[in-house]
1. From the list 37, 94, which residue is assigned to a helix (DSSP H, G or I), over 36 Å from the mean Cα position of the chain (by Cα), aliphatic (A, V, I, L, M) and at pLDDT below 95?
2. Considering each of 75, 153 in turn, give the residue that is β-branched (Val, Ile, Thr) and modelled with pLDDT of 75 or more.
3. Based on this model, can you work out whether residue 6 counts as in a helix (DSSP H, G or I), more than 30 Å from residue 122 (Cβ to Cβ), modelled with pLDDT of 95 or more and open to solvent by 80 Å² or more (accessible area, probe 1.4 Å)?
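The values are calculated or read from the model by the stated rules, or taken from the named source; none is laboratory data. No experiment lies behind these values; they were computed from the predicted model shown. Neighbour counts are summed over all protein chains in view; Cβ atoms, including those assigned to glycine, are modelled from backbone coordinates with ideal geometry. Ligands, DNA and RNA are excluded from the accessible area calculation, which covers all protein heavy atoms including side chains. Shrake-Rupley method; radii C 1.70, N 1.55, O 1.52, S 1.80 Å.
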Amino acid sequence: MTWFELLIKIKLIRIFPLQWYLLERQEVQLEVKRNELKQRKQLLKELEVQNENLRLRQSNLEREQREKELQRKIINLEKELEAKQALELEIHHLRGNLQVVNHIRDDGNEDVEEKLHTKKEELGHLSQADTFSTRGLNVDGLKVYVRRKFRHITMESSG
């Protein structure tokens, strides 16, 4: 029962039929508009949830891409370090050979000196390309260092 009907029943207002019809019509229109607003609010809430889900998916994809890129960088740095250490080991071996050759006083030491010189140049090129200092770090120490940095970066990106 509408409030108009209630007022008529208690005979506080006398309304003519045309007026009654217009009031009822307005009331129905208002109810339709209320329903439309409720539907729009519901639709808006659903769209907001969809947008938030989309943003979350996008941020997860970006985080995964950053993690993959960082993993690739770690692998490349480990390979560079291994190559550098292999050259250093070979240089050390050639120096030992040179010392043995010098000790024996053989004329064949020019070949060893030449190899040592080329390996030193290769090591120099690698050292110039390095983006980090490897002084005092062994392979395992560098791997731990890089993984710690990677873990720190991924914690920042997920937080």
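1. Step by step, each of 37, 94 is checked, and only 94 is assigned to a helix (DSSP H, G or I), over 36 Å from the mean Cα position of the chain (by Cα), aliphatic (A, V, I, L, M) and at pLDDT below 95.
2. Answer to the selection: 75.
3. Answer is no for this residue.
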